[in-house]
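The values are calculated or read from the model by the stated rules, or taken from the named source; none is laboratory data. Not measured: the values here are computed from a predicted model. For neighbour counting, all protein chains shown are included, and Cβ atoms are generated from backbone atoms with ideal geometry for every residue, glycine included. The protein model used for the area step is the full one, side chains on, heavy atoms only, and it has no ligands, DNA or RNA in it. Shrake-Rupley method; radii C 1.70, N 1.55, O 1.52, S 1.80 Å.
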Amino acid sequence: KIACSLDAILTFIQILQSRVWVMKDLRLAYIAGYSQLKAANAGRTLAGADLEYGESLSAECVVCHNQNSADRGVPNINGLSAEAFASTLTAYKTGELDNPLKKMIASKLDAKQIASLAVYFASLPKGQ
């Protein structure tokens with residue numbers, strides 16, 4: 001059995017509603033389940049987050065993750081909860097999630113940069 005807090009469950013539902021998909025090993029995997037388990041303690045992950053700093057860092061992200069990206073199988077990350085965003089990016093950084101490109105990008109980021117990107121993208125309207 002896995003114990004989850006009410007906040008974790010609500011964030012999980014938010015991620016499910018955002019329909020963020022990733023392709024891995026020719027299977028579609030809902031990123032929500034993994035992200036939510038990691039997001040249970042993500043409040044401390046967002047410590048030191050700076051919205052303006054996140055915006056300045058976002059240029060590399062939006063090359064692929066933009067409002068037209070879903071047509072190419074790349075999720076639009078605007079409006080994703082900050083906790084889920086930070087925990088997912090941290091999982092790519094540590095190798096818990098495997099995607100060579102995302103791992104390379106995430107490996108360059110420190111905790112403050114990840115937190116700042118997370119709060120920036122969470123502040124944007126979904127799908128824009």
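Going by what's in this entry, would residue 123 be described as modelled with pLDDT of 90 or more, open to solvent by less than 20 Å² (accessible area, probe 1.4 Å), closer than 16 Å to residue 56 by Cα and in contact with a Gly (Cβ under 9 Å, 6 or more places away or on another chain)?
no
If you scan segment 89-110, which residues turn out to be part of a helix (DSSP H, G or I), touching a residue at least 40 places away in the same chain (Cβ under 8 Å) and within 17 Å of residue 60 (Cα to Cα)?
90, 105 - these are the residues of segment 89-110 that are part of a helix (DSSP H, G or I), touching a residue at least 40 places away in the same chain (Cβ under 8 Å) and within 17 Å of residue 60 (Cα to Cα).
If I ask for residues that are in a helix (DSSP H, G or I) and open to solvent by less than 40 Å² (accessible area, probe 1.4 Å), which ones from segment 78-88 would you list?
Those that are in a helix (DSSP H, G or I) and open to solvent by less than 40 Å² (accessible area, probe 1.4 Å): 82, 84, 85, 86, 87, 88.
Is it fair to say residue 81 is under 15 Å from residue 53 (Cβ atoms) and in contact (Cβ under 8 Å) with a residue 60 or more places away in the chain?
no
Let's see how each residue does on (1) under 20 Å from residue 101 (Cα atoms); (2) over 15 Å from the mean Cα position of the chain (by Cα); (3) modelled with pLDDT of 50 or more:
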{"residue": "36", "(1), (2), (3)": "no, no, yes"}
{"residue": "40", "(1), (2), (3)": "no, no, yes"}
{"residue": "43", "(1), (2), (3)": "no, no, yes"}
{"residue": "47", "(1), (2), (3)": "no, yes, yes"}
{"residue": "59", "(1), (2), (3)": "yes, yes, yes"}
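Got at least one residue in segment 94-114 being open to solvent by 80 Å² or more (accessible area, probe 1.4 Å), among the polar types (S, T, N, Q) and within 14 Å of residue 45 (Cβ to Cβ)?
Among the residues of segment 94-114, at least one is open to solvent by 80 Å² or more (accessible area, probe 1.4 Å), among the polar types (S, T, N, Q) and within 14 Å of residue 45 (Cβ to Cβ), which makes the answer yes.
Go through (1) more than 19 Å from residue 123 (Cα to Cα); (2) open to solvent by less than 50 Å² (accessible area, probe 1.4 Å); (3) not polar (S, T, N, Q) and name the single condition residue 75 misses.
(1)
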